[in-house]
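Structure record follows, encoded as structure tokens.
Each value in this text was obtained by applying a stated rule to the coordinates, not by laboratory testing. All values reported here derive from a predicted model rather than from experimental measurement. Every residue, glycine as well, gets a Cβ built from its backbone with ideal geometry; the counts of neighbours run over all protein chains shown.
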Amino acid sequence: MELKPSGSLKIDAFSMRIGDIEGVELDRLHAHSLSVGWPHRAEDWQFLRESGRGFVALDEIGRVLGSAMWFPHGDDFATVGMVITSPRLQTLGAGQWLMKRVFDNVVGRDLRLNATRAAKRLYLSLDFKPEKIVYHCHGIARAATAAGIDRECGEVRRLVTEHLPAIIALDAVGFGVHRAALVEKLFEQSVGYGLFGEGALKAFALCRPFGRGHVIGPVLAERDTDAIAVVRPHIADHSGSFLRVDTHIGSGEFAAFLAHCEMPVFDTVLTMSMGKRLADFSVGGAAGPRAYALASQTLG
């Protein structure tokens with residue numbers, strides 16, 4: 001795809017100019033995401049700015065009218081997120097304009113993103129391919145005992161810094177890409193629980209403040225019962241509070257466990273890719289660890 005983005009875009013009777021997301025005050029970014037109903041706090045925006053790069057579209061008086069970010073991991077892969085424009089501006093080409101600016105900075109990388117229904121047409125037009133549904137589950141969590149969780153083999157323990165290398169290694173296998181810097185930053189913001197067997201980390205789940213409450217993710221495990229084992233303590237910790245999980249798992253014991261804990265499916269988005277597909281990153285096979293929950297829809 002030949003992409004030559006310009007530095008400005010004429011929309012109706014006014015023009016937009018591009019700006020670096022680093023130069024925009026957090027309160028303006030927060031207002032920008034609130035304008036489309038997204039839950040991100042100013043603190044969430046700051047975490048994302050520290051983890052990735054991005055552009056904003058600004059009008060003639062400096063208001064934020066659009067945004068797009070990317071999060072590189074190594075030299076060959078990146079996730080794309082926080083692509084926000086109003087529906088009216090999308091129809092006038094603002095979303096494509098911002099995405100072309102992103103493409104100009106991610107040449108040679110395989111890309112992955114999670115598309116809302118409103119943005120799916122935009123990404124299809126840019127040659128992203130549909131992959132898997134993401135189930136956005138949330139609610140006022142209720143600690144509960146679920147059938148089958150006692151069948152896991154191992155011990156669940158609170159994770160500490162000395163476990164970080166094992167967490168990073170397990171994440172790389174399950175996610176398919178080595179993203180040590182991001183996992184380390186997530187760990188600093190999170191409480192984590194791990195499932196240990198025969199001296200090795202078999203599964204883990206991190207939980208951190210986000211949006212209206214807390215989000216559980218990433219979660220890496222080989223099977224449903226292991227994933228439940230490491231998620232269950234977080235639900236107990238936050239019982240009676242707002243809790244969120246974004247997962248590709250739409251059925252089975254893990255999905256049933258979330259629903260039983262008062263965290264039903266609220267909405268869905270669609271994982272899409274450009275370049276390598278999700279299956280191309282799988283190195284664990286059927287018996288290997290996989291991502292039971294995303295770090296977030298933006299980060300993957």
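Computed quantities for the displayed model
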| item | result |
| --- | --- |
| Test item: Cα-centred dipole of segment 97-145, Lys/Arg +1 and Asp/Glu -1 on Cβ, debye | 160 |
| Computed E for GLU60/TRP38 - FRET, C-beta separation, R0 25 angstrom, nearest 0.05 | 0.50 |
| Sequence of CYS137, CYS153 once ranked by neighbouring C-beta atoms within 10 Å, starting from the fewest | CYS153, CYS137 |
| Candidates PHE77, PHE281, PHE128: whichever shows maximal mean-square fluctuation once the chain is modelled as a Gaussian network with Cα springs under 10 Å | PHE281 |
| Paramagnetic reach from GLN46 (point 7 Å along Cα→Cβ, amide N under 14 Å) across segment 173-199 | 189 |
| In nm, spacing of pseudo-spin labels at ASP76 and ASP237 (7 Å Cα→C-beta vector) | 3.5 |
| Charge context of PRO218, other residues only, Cβ under 10 angstrom, K/R +1, D/E -1 | -1 |
| Members of LYS132/LYS276; LYS120/LYS185; LYS202/LYS276; LYS100/LYS132 lying beyond 20 Å, as alpha-carbon distances in this model show | LYS120/LYS185; LYS202/LYS276; LYS100/LYS132 |
| Two-site label geometry, GLU162 and ALA31: point separation in nm, points 7 Å out along Cα→Cβ | 5.0 |
| Candidates LEU48, LEU258, LEU124: whichever shows maximal mean-square fluctuation once the chain is modelled as a Gaussian network with Cα springs under 10 Å | LEU124 |
| Cβ-based exposure ranking for ILE84, ILE21, in which fewest neighbours within 10 Å come first | ILE21, ILE84 |
| Dipole magnitude of the chain about its Cα centre (Cβ charges: Lys, Arg +1; Asp, Glu -1), debye to nearest 20 | 760 |
| Cα-based shape type of segment 135-293, given that a ≥ b ≥ c are square roots of the gyration tensor eigenvalues and the cut on a/c is 1.5 | rounded |
| Answer label for log10 I(q)/I(0) by the Debye sum over Cα atoms at q = 0.07 Å⁻¹ (calculated), chosen among [x] -0.22; [y] -0.27; [z] -0.32 | [y] |
